[in-house]
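Here is the structure we will look at, set down as structure tokens.
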Amino acid sequence: MMNLGLRCGYAEECPVYLGKTEVKEMPLHLLRNVFCNRGKKGWKNCSRYNLLEQGTEVHDNIHPFSEQ
């Protein structure tokens, strides 16, 4: 798998990254490269990441481009 940068610290427990939660708007490999494997540039655009950084509980149905 292509990796454009650092992987998100939440990736190992993220249902989206692990493919357990379907995101219809984007194939999983693209989603990982746009949000998860791109370092802070990608992470800061991810709704899940931002909510987790704020200490907010994040449900499995929240995906990277969910409205916060």
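Within segment 42-68, residues that are within 17 Å of LEU28 (Cβ to Cβ) reach no partner that is loosely packed, with under 11 Cβ neighbours inside 10 Å and modelled with pLDDT of 95 or more with beta carbons closer than 6 Å at six or more positions or on different chains. Checked against (1) more than 16 Å from HIS63 (Cβ to Cβ); (2) touching a Gly at 6+ places or on another chain (Cβ under 6 Å), PHE35 meets all criteria but (1).
Check every one of the helices (runs of 4 or more DSSP H) wholly within the chain and list those with 1 or more residues that are surrounded by fewer than 17 Cβ atoms within 10 Å (Cβ to Cβ) and among the charged types (D, E, K, R).
It comes to 40-43, 47-53.
The values are calculated or read from the model by the stated rules, or taken from the named source; none is laboratory data. These figures come from a predicted structure and were not determined experimentally. Ideal geometry is used to build each Cβ from the backbone, glycine not excepted, and the neighbour counts take in all protein chains shown.
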